[in-house]
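Colleague: What follows is a structure written as structure tokens; I'll ask about it next.
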Amino acid sequence: MFTPVTKGRAFESVVAQIEAAIYDGRFKAGDYLPSERALVEQFSVGRSTVREALRILENMGLIKTSPGSHKGPRVSASMTQGISRMLNGAVKVEQISLVDLVQYRMMTGSTANFLAAHLRTQEHLDEMAEAIRLMAGAEPGDTEAFARADAQFHAAIRKAAGNALMDIINDVIEEAIVDLVRDTVDSSTRTGQVRAEFVRTHQEVYDAIERGDAEAAATLSRHSLTAVYGRALSPEDRRRLELLDAAGRAE
């Protein structure tokens, strides 16, 4: 199954071989890798090397280990959780700016809204409506629940849009977006008004998607994000949002 590796940073070779075996389909979601003992034998390395490699693979979100289990590590059903954790850390370490995050959401959000208006089903609409209900019903001081409901609303739209890559990428950066929404509400001196604006705008987006008005749904995404987040930006950064908003209306 696997081939012996050379010494040195042997754990990197172990990681690379197992990673390749997962990506090329030799091990599928839910499959078990060989036991730790078997991996030691196949790679001709020490137990500590295998454990370090498995720790890295688990942090990447590729596998799940179960200490004490007689079975080997299990291939994860979804890799987005580990990738999300790493990318969210990268957003913080690289100090990705607020304007960059908002611009990204403007671009993907408007596209998702446009597609959802054409492709949505009643099930998708029900999921969006439930998310709006949760936003409106969140306790005044529970901005975390409010932000999570906001993420749930946009996840339902992406599901309706039907683009798998868009869905995966947005799942990966969801934590950064949740932080963005929560911090925006928390830092406002008019928390109640900002929350009401969020709920009202989400209801308007829902209404546009429900009636199949793709242009309105897309425009609402760009315009509302400019209005809500533009207040927290410098004039130069706010100009970046306004340009993107205007470009969308000009199409």
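The values are calculated or read from the model by the stated rules, or taken from the named source; none is laboratory data. None of these values were measured; they are calculated from a predicted model. Glycine also receives a Cβ, built like all others from the backbone with ideal geometry; neighbour counts cover every protein chain displayed. Each accessible area value is taken on the protein alone, full model and side chains, heavy atoms only, with ligands, DNA and RNA left out. Shrake-Rupley method; radii C 1.70, N 1.55, O 1.52, S 1.80 Å.
Colleague: Looking at residue 220 and the list (1) under 19 Å from residue 120 (Cβ atoms); (2) open to solvent by less than 30 Å² (accessible area, probe 1.4 Å); (3) hydrophobic (A, V, I, L, M, F, W, C); (4) touching a residue at least 60 places away in the same chain (Cβ under 8 Å), which single condition is not satisfied?
Modeller: It fails just one condition, (2).
Colleague: Need the failing condition index for residue 234 against (1) crowded, with 17+ Cβ neighbours inside 10 Å; (2) more than 24 Å from residue 120 (Cα to Cα); (3) hydroxyl-bearing (Ser, Thr, Tyr), just the number.
Modeller: Condition (1) is where residue 234 drops out.
Colleague: Every residue in segment 209-225 that is within 25 Å of residue 240 (Cβ to Cβ) and not acidic (Asp, Glu), please.
Modeller: Taking segment 209-225 as the starting set, the residues that turn out to be within 25 Å of residue 240 (Cβ to Cβ) are 214-225.
The answer is 214, 216, 217, 218, 219, 220, 221, 222, 223, 224, 225.
Colleague: Do we find that residue 203 is within 13 Å of the chain's Cα centre (by Cα), open to solvent by 20 Å² or more (accessible area, probe 1.4 Å) and of a type outside the set (Asp, Glu) in this structure? Can you show your working first?
Modeller: Numbers: within 13 Å of the chain's Cα centre (by Cα): no; open to solvent by 20 Å² or more (accessible area, probe 1.4 Å): yes; of a type outside the set (Asp, Glu): yes.
In short, no.
Colleague: Here's something else I'd like to know. Working carefully through the options 150, 186, 167, 171, find the one that is acidic (Asp, Glu) and either open to solvent by less than 30 Å² (accessible area, probe 1.4 Å) or outside any helix (DSSP H, G or I) (or both). Step through it out loud before you land on a result.
Modeller: Numbers: 186 fails: either open to solvent by less than 30 Å² (accessible area, probe 1.4 Å) or outside any helix (DSSP H, G or I) (or both); 167 fails: either open to solvent by less than 30 Å² (accessible area, probe 1.4 Å) or outside any helix (DSSP H, G or I) (or both); 171 fails: either open to solvent by less than 30 Å² (accessible area, probe 1.4 Å) or outside any helix (DSSP H, G or I) (or both).
Answer to the check: 150.
Colleague: A follow-up question, please. Can you find a residue that is out of contact with any helix residue (DSSP H, G or I) (no Cβ under 8 Å at 6 or more places or on another chain), closer than 20 Å to residue 110 by Cα and among the small types (Gly, Ala, Ser) anywhere in segment 160-182?
Modeller: The answer is yes, given that some residue of segment 160-182 is out of contact with any helix residue (DSSP H, G or I) (no Cβ under 8 Å at 6 or more places or on another chain), closer than 20 Å to residue 110 by Cα and among the small types (Gly, Ala, Ser).
Colleague: Another question about this same structure. Looking only at residues that are over 15 Å from residue 75 (Cβ atoms) and assigned to a loop (DSSP other than H, G, I, E, B) in segment 1-35, which one is least open to solvent (accessible area, probe 1.4 Å)? Before the answer, list the steps.
Modeller: Step one: list which residues in segment 1-35 are over 15 Å from residue 75 (Cβ atoms), which gives 3-14, 16.
Checking the rest, the ones that are also assigned to a loop (DSSP other than H, G, I, E, B) come to 3-9.
Values: 3: 79, 4: 87, 5: 20, 6: 104, 7: 152, 8: 73, 9: 147 Å².
Per the criteria, the residue is 5.
Colleague: Could you check how many residues of segment 40-72 are touching a Pro at 6+ places or on another chain (Cβ under 9 Å), without any contact (Cβ under 8 Å) to a residue 40 or more places away in the chain and over 18 Å from residue 21 (Cα atoms)?
Modeller: Here the count works out to 1.
Colleague: Identify the residue in segment 134-157 that is charged (D, E, K, R) and in contact (Cβ under 8 Å) with a residue 12 or more places away in the chain and, among all such residues, is farthest from residue 179 (Cα to Cα).
Modeller: If we take residues in segment 134-157 being charged (D, E, K, R) and in contact (Cβ under 8 Å) with a residue 12 or more places away in the chain, then 150 is farthest from residue 179 (Cα to Cα).
Colleague: Further, regarding this structure: Could you tell me which numbered condition residue 115 fails, if it satisfies all but one of (1) at pLDDT below 90; (2) within 30 Å of residue 220 (Cα to Cα); (3) part of a helix (DSSP H, G or I)?
Modeller: (1)
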